[in-house]
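I have placed the structure first, in the form of C-alpha cells, so that the comments after it can refer back to it.
What follows draws every value from the coordinates through simple rules; no lab data is involved. Everything quoted here is computed from the prediction, not taken from an experiment. Note that we place each Cβ from the backbone using ideal geometry, even for glycine, and neighbour counts take in every protein chain shown.
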Amino acid sequence: MDGKQLVVQRTREFFADRLDDVLHIVRQDRQELRGWEEPAHLRAVVRRTLQEGANGAPEEGESSVTVAEFGRTAGEPDRGQQREALGVLLEHGAAALEKTIQTQNPDLTPTEILGLECVLLFYARPSVLVSSGRLAAVPPVWNLLEDQREDIELVQSGVGRLEMYGHPDLDWAGTGFLVSETALLTTRRTAEFFIEQRGEQQWQFRPGITAWMNYRSQYQQVATAGYQVRGVIGVHDRYDLALLEVEPPQPNGGAPTPLALAAQAPANLEGRPVYLVGYPVRDARRNEPEKLSRVFRDVYNVKRVQPGVLRGSFQFRDVQLLRHDCAMLGQSAGGALLDLETHQVLGIQLSGRYLEPGTAIPLWALRDDPLLRRANVSFAEASSEQMSQLTNQLERLSRSRYWSELQSTINSYYRRAFGPGNSDNR
C-alpha cells in the first residue's frame, strides 16, 4: 500500500461516519486562522507553550496553557505568516476530505495528501499538551477527553520523565510512571541508559550516572531533581520492563499519584477508547515531508496526552502484546496506556510508527508476575460489591469529625485500589 492510500485509509478508519462533521470543523478553523490567533485546540497540538502572565498564574476559569512565538531564526517567517501557512494546509486538508467523501479512490495531489496528514494529526489522533498539570484544549472530535479532564489531569501527575546527570550524551532517557509509592515502571531499554547488568540477576547504576524522576517536564522548564531513583528493583527476563525504586511522593497537593493497574483485560480489545501519556520523541523512520516536520517541530520531548483506540492483541514468541493507534506523532516508550473509561493502566508503551499501530505490554498479563509482586505492585480488582461496601463505609466516615484529617490519605488509597475514574462515586 502506497503512502497516499495509507493516509486515505487511516482517514476513513479514524473518522468513520464523522467525515462530514470533520470537514465542517476544518473549514471553520481555517476561517478563524484568518484572524489574529489559532483555535486553542490547534495551538495545543502545534505550538510549544509558556505560562500566561509574569507570575505564570492563569485567570480564574482559564487554562494555564497559552501560545508563545516560535524561536525564529534568520529569514524565518513571523507568527502571522506561520499562521497563514497553517491555514493553507487546512485548506488542502479540507479539499482532500471533500474528495474522500465523494469518491472511493480520490485522486489527491501531493499538497492535498500533506493537508490530509495534518488533519489526522490535528483532529483524529492529536497529541495534546500538558502544562502545569493542566490538559490543554482538545479538538471537538475528542470531546470525550474534555468530559474526562479531571481524571486525566490526576492520572498524568504520576507519569514523568527519567532525567540523568552524568551521561556523556543525553539529559534524559524516556518515560516512566508510578505503580506504587516507591516503585516506578519503565521499559528495560529506557533504564539501560543509566543501569547495567552485573551478573545474572544483578543490576546497578552505570558509573558516574544518577537518575531522577521529573513528573512536570514541559517546554522551557528547567529540569528539577524532584525524586531520585534510588535503585533497581528488577528487570524482567521476558518482557521489556524495568522496575526502579524512587523516592516516595511528598504529602502535598501537587504530588504525583501512583497509577492503578487493570487486573484484567477490558471487555473489548477492538475499538475501545484509550489514551497514552508520555513524552513523544521524533521518530527518524517517519520520512515525513519537510513542511510537515516544520509544522510539528516544537511538539516533541514534552508531556502530552495522545488519544486513540485499541486494535486488538497478538502473540509474539512467548509474550503477549497490545495494538493501539495512539502514538502517531512520535515514540513514547515507557508511557502509560490507559482506559478512557476507568483510567486504569492497561499497558506500557513499547513502540509506535507513523500511521501504523503502536505496541504495548498488557499489564494484566503480569498480575501474578514475581517481579511485580516483589515490588508490591497492586492491581485494581475490586468487585462491584466490594466497591459498594467501601463507598458505604466512606460515607459514614465522612460524617465524623476526623474526616478532614483522613480525606487526602483515603483518596490516595481509593484511587490506587479502584482507579481515579471511579473516585467520584465514593
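Some points to look at:
- Footprinting exposure proxy ranking of 276, 6, 244, fewest other C-beta atoms within 10 angstrom first, gives 6, 244, 276.
- Protection proxy ranking of 360-369, 325-334, 106-115 - average other beta-carbon atoms within 10 Å, highest first: 325-334, 360-369, 106-115
- Fewest-first sequence of 303, 99 by Cβ atoms within 10 Å of each Cβ: 99, 303
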